[in-house]
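Okay, structure first, notes after.
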Amino acid sequence: MGRNSWFGGLGRRLRAFTRRMAGDARGNVAMLFALSIPVLVLITVGGVDIHRASTVRVNLQDALDAAALAAARSPYTANADLQRVGLASLRANLKAYPNITLREGDTSFVLNSDDVVVASSKVDVKTLVANIVLPPYGKFMDDYLPVGAHSEVDRSSRNIEVALVLDITGSMAGQRIIDLKAAAKELVELIVQPIQTPWYSKVALVPYSNSVNPGSHVTAARGAISTSVNITGAVINLAGTPKSITAATKARPVVITSTDHGFSNGDVVWITGATGMTQLNNKPYEVRNKTASTFELYNMAGGRVDGRNYGTYSGSAGRVQRCQNNDCSITITAANHGMSNNEYVYITNVGGMTQINDQSHLVGNASTNSFTIDLTETSLTPYTSGGRAWSARGGGTTYFAFENMDGDLQTHRVSGCVTERVGAQAYTEAAPTGASSWVGRHYPNISGTCIDDTILPLSSDAATIKSRIDAFNVSGSTSGQIGIAWGWYMVSPNWNSLWPSNGAAAYNSAETLKSVVIMTDGAFNTPYCSGVISRQAGAGSGSSSAKIDCDATNGDPFAQSRALCDAMKDQGVIVYTVGFGITAGTAEADVLADCASTPANVFLPADGGDLSEAFAAIGRDIKQLRISR
């Protein structure tokens, strides 16, 4: 059954019921009820049309605001020209809303004596319910409901600069990231206008998780990263004269025969050149139970060397020699290496002695062109050529060796992302001009991976902005304090040297409205120490083996966030906060409330629909701050 036939049948049944009630002589109550039915039903079903009219009014207001802005931005002063430009824009904007009719005769765009473009308009909304259910009572509402809107734009309006700080952490996977993309793109459409003169409207993007990826701007933000030096030699440090091995038993422990060897129990020796029993070669051993011509072999862990499954020793080409200082260290030759004693060096690409590659070693006996490293390998082949030595002290090096929460040595590689700025400029917008103002490096793991999505400085290219949003991928834990800092940098003129063609305007609230929108779905659980996740990081920030065993340099991420928000608000930046799925009264909600410029700037959407409404409300509010009402 069609809608009209259903409503018609309902109308017939209501009229029949009314006639029966009017003819019922059983009492005044029945008659009063019968007389009130049309009014009650009219109010009930008319509410459907009134709700729809209310929705249309919001759409009309957005469309009229945009049209008034278009007229105000035009170079015209004559009302006829303003009317032409404004009406054309309004018609285009209303195409997205069907079943309404623009009253062009009731639409005007005029310039008053205060240089303000005043716009008024009405549309007709076709009723869907009233005329079907209760003719002729529905005629009280007519076939159409008129809806009006009013907008005023001061021709001395302001530019708009908005930074969107958007959470792309792992918890945003699935429907949440889909909802965020849709809502963020709607906000971009509201903010970025197609006409960029005489005032512009721009949006910057700061996607964040456990870090922020500045893309091509990373070196300017964090400073240069040191490189490696060439290794030209690597030798084991041995002492005394090598002694010939004349026999070696296939026993546990292996017993070495070497006439007049001169070793003492506890000496560490190195064996090379053994034939047949080649398993003995290029390894360090501890001497035990020695006689004048023999000694037993123990490994460096104190266990007996088991030679029962080794090959049979043959000939007398084998040699044994005591390690210098009993540590079997290796001397690395690398001109002007710059290493210091008791720091770590990471070694790569050594030929021959490959066992020392791809790990960190403690530096000792450093001179201008050489240093020693401890021998920690169970076997070692001779050096042949090449190799690179990388300082692993951290703080601007490619590799960083540190002790993790489990007390183990870890080595991480610097990534293309950045972390918290520390020191005197931690909570300022000072330009990154030197070591005291660079942002923090990021040492996430040995491969140096960070989030894929890079920042986008202020742009008026809505298509590009939305395309970048569509490409967001989720990963990692939450360092909202880093995202907030970069949201501020995007609208700060102090950072224009990094992106001169996309720079922010000077602080002048009469000329430029600056705003930062901070969106998150959870706790800020990832602070840093020396570019590595601190041991004070919260649940969900990774395993203890990947965290450095030191406290967060800047302390609690929520406290950092409040300090950054307060500082940017002091500069006149308007802050909005959006807590997706965050419950009011929690610590997460409290920090968002503290960060926002006003209580009205805080939004806690529960689902995707609420998120879109929140972003749309922010967009309208930003436009209203620009437009006088």
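Just so it is clear, none of the values below were taken in a lab; they were calculated from the coordinates. Here the structure is a predicted model, which is why all the values come from computation and not from measurement. All Cβ positions, glycine included, derive from the backbone under ideal geometry; neighbour counts span all protein chains shown.
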Distance in Å, no decimals, from the C-alpha centre of segment 183-237 to the one of segment 518-533 is 17 Å
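I'd like to compare 176-188, 215-227: which one has the highest average count of other Cβ atoms within 10 Å, and what's the full order after that?
Most protected by this proxy first, the peptides run 176-188, 215-227.
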Note on segment 489-629, DSSP bridge orientation, antiparallel percent to nearest 5 equals 20 percent
Only helices counted: for the chain, with every DSSP H run of 4 or more residues adding -39500 (n - 2.57) and the sum spread over all residues, [θ] at 222 nm is -9000 deg cm²/dmol
Note, segment 435-449: 3J(HN,Hα) by Karplus (6.51, -1.76, 1.60, θ = phi - 60°), whole Hz, Gly/Pro = x, goes 4, 6, 10, 5, 7, x, 6, 10, 10, x, 5, 5, 8, x, 7
Taking a ≥ b ≥ c as the square roots of the Cα gyration tensor eigenvalues, with a/c under 1.5 meaning rounded and otherwise prolate when a/b beats b/c or oblate if not, segment 291-388 comes out prolate
Amide H contacts under 5 Å for Leu205, restricted to residues at least 5 apart in sequence or on another chain and with H modeled in the peptide plane, are Leu164, Leu456
Rg from C-alpha atoms of segment 502-629, normalised by the globular rule of thumb 2.2 N^0.38 Å, equals 1.23
Most packed first (mean Cβ within 10 Å per residue), the peptides 63-73, 370-380 order as 63-73, 370-380
Shape call for the chain, from the Cα gyration tensor axes a ≥ b ≥ c (a/c under 1.5 means rounded, otherwise prolate when a/b beats b/c, else oblate), comes out prolate
Violations at 23 Å Cα threshold for listed pairs Lys250/Lys290; Lys122/Lys514; Lys126/Lys623; Lys95/Lys185; Lys122/Lys623 -> Lys122/Lys514; Lys126/Lys623
Across all Cα atoms of segment 224-370, Rg and the largest Cα-Cα distance (Dmax), in Å, are 17.5, 59
Bridge orientation stat for the chain from DSSP, antiparallel percent rounded to 5, came to 75 percent
Using alpha carbon centers only, segment 297-314 is separated from segment 323-354 by a whole-angstrom value of 27 Å
Protection proxy (average C-beta count within 10 Å per residue), highest first, orders 316-322, 513-519 as 513-519, 316-322
Long-range amide H partners of Gly233, meaning residues 5 or more apart or on another chain whose placed amide H is closer than 5 Å, are Thr333
